[in-house]
1. Give all pairs with beta carbons closer than 7 Å in which a residue from the range 152-176 that is basic (Lys, Arg) meets a residue that is not in a loop (DSSP other than H, G, I, E, B); count only pairs at least 6 apart in sequence or on separate chains.
2. Can you find a residue that is farther than 27 Å from Thr239 by Cβ and touching a helix residue (DSSP H, G or I) at 6+ places or on another chain (Cβ under 7 Å) anywhere in the range 73-91?
3. Do you know which residues across the range 224-244 are at pLDDT 95 or above and either within 13 Å of Ser170 (Cα to Cα) or not acidic (Asp, Glu) (or both)?
4. Within the range 18-33, is there a residue that is crowded, with 22+ Cβ neighbours inside 10 Å, under 24 Å from Asp172 (Cα atoms) and aliphatic (A, V, I, L, M)?
5. Out of everything in the range 53-99 that is β-branched (Val, Ile, Thr) and outside any helix (DSSP H, G or I), what residue ends up being nearest to Ser132 (Cα to Cα)?
6. Are any residues in the range 144-161 over 14 Å from the mean Cα position of the chain (by Cα) and surrounded by 18 or more Cβ atoms within 10 Å (Cβ to Cβ), and if so, which ones?
7. Within the bounds of the range 117-137, is there any residue that is surrounded by 18 or more Cβ atoms within 10 Å (Cβ to Cβ), out of contact with any Pro (no Cβ under 9 Å at 6 or more places or on another chain), of a type outside the set (D, E, K, R) and within 26 Å of Leu40 (Cβ to Cβ)?
8. For the range 12-47, which positions are under 16 Å from Thr61 (Cα atoms), within 18 Å of the chain's Cα centre (by Cα), of a type in the set (A, V, I, L, M, F, W, C) and modelled with pLDDT of 95 or more?
Amino acid sequence: MPPVLHCVRHAQGFHNLSVENHVLQDPLLTPFGEEQCRALRANFPYHADVELIVASPLRRTIYTALHSFANIIQEKGLTVIALPEIQETSDVPCDTGSDLADLKKEVEEKGLPVDLSLVPEDWNDKTTERWSANAKSVTVRAREARQWLKARPEKHIAVVSHGGVLHYISEDWQDSTLYQVTKKQPSPNNYANGRPSPKWPGTGWANTEFRTFHFTDSADTDDLYGNKIDGDNASIRETADSRKRRGKTVAEPPSREMQKEFFLQAITGWETQTAEALAADRTTGEKERAMEIMQKQPIPTAE
């Protein structure tokens with residue numbers, strides 16, 4: 001039987017504090033983010049079930065996994081497996097990971113229980129088609145991640161990732177603009193009918209929010225674009241208990257056809273946001289101020 005997935009968005013990072021902080025490459029967790037990890041560790045109800053922990057190789061996801069699951073990492077002797085396919089979607093600095101050599105050095109010097117063997121040298125080169133920030137490449141990577149997870153022998157897996165790519169992994173695009181850093185106000189239609197706003201995209205996942213998914217029995221033959229795919233889509237579906245936990249009154253998630261509509265609306269908005277970000281004034285002063293904020297904080301360690 002395929003495993004149950006407990007998907008988690010990372011805790012607050014320095015890039016979450018302001019748009020200006022998006023110039024920080026691979027930022028760490030804030031002190032409040034570390035507090036969020038402790039709260040998740042106290043409230044997560046499936047510690048006894050989790051047999052494998054997988055995280056995006058970005059530092060905020062690695063440290064979210066290490067802090068949030070510190071108890072079972074120690075008790076069960078688990079190692080966090082870094083999976084590059086679940087890195088964040090965009091190519092802005094805050095969503096671009098550190099070089100593999102730097103990650104290895106940090107893991108080795110701190111003695112972190114992190115396995116980087118699946119991370120290739122070019123994993124953070126988003127100029128390549130394989131790791132590109134374009135939606136079609138991200139869609140392929142998300143499907144490959146689901147296929148990899150589905151083939152694992154463990155019964156329960158914790159997956160620590162990012163607000164953007166978790167929509168691709170889950171293929172659930174409902175409420176995909178609830179949480180965002182923006183200079184504009186969120187679109188009211190996001191709260192009126194739960195559809196993504198095409199103008200102010202973001203994510204439907206709060207920091208350290210977790211949702212639980214089962215692999216479906218359906219053999220979906222196309223992606224959310226409607227394009228035919230080769231092989232198993234490895235579709236997943238959120239459980240009724242998980243939806244109830246986050247306040248959804250309808251137990252069943254939206255249909256796949258409805259998710260296709262949500263997806264296309266969200267993608268239109270995210271492309272607009274990317275264009276606006278590229279056109280924004282990224283002055284040296286902004287970057288220096290952001291770096292100063294981050295450097296004043298201690299680098300987190302595994303608990």
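The values are calculated or read from the model by the stated rules, or taken from the named source; none is laboratory data. What you see is a predicted model, and the numbers here were worked out from it, not measured in a lab. For neighbour counting, all protein chains shown are included, and Cβ atoms are generated from backbone atoms with ideal geometry for every residue, glycine included.
1. Arg152/Leu52; Lys155/Val4
2. yes
3. Asn233, Ala234, Ser235, Ile236, Arg237, Glu238, Thr239, Ala240, Ser242, Arg243, Lys244
4. There is no residue in the range 18-33 that is crowded, with 22+ Cβ neighbours inside 10 Å, under 24 Å from Asp172 (Cα atoms) and aliphatic (A, V, I, L, M).
5. Only one residue tops the list, namely Thr89.
6. Across the range 144-161, the qualifying residues are Leu149, Ile157.
7. For the range 117-137, residues surrounded by 18 or more Cβ atoms within 10 Å (Cβ to Cβ), out of contact with any Pro (no Cβ under 9 Å at 6 or more places or on another chain), of a type outside the set (D, E, K, R) and within 26 Å of Leu40 (Cβ to Cβ): absent.
8. Leu28, Leu29, Cys37, Leu40
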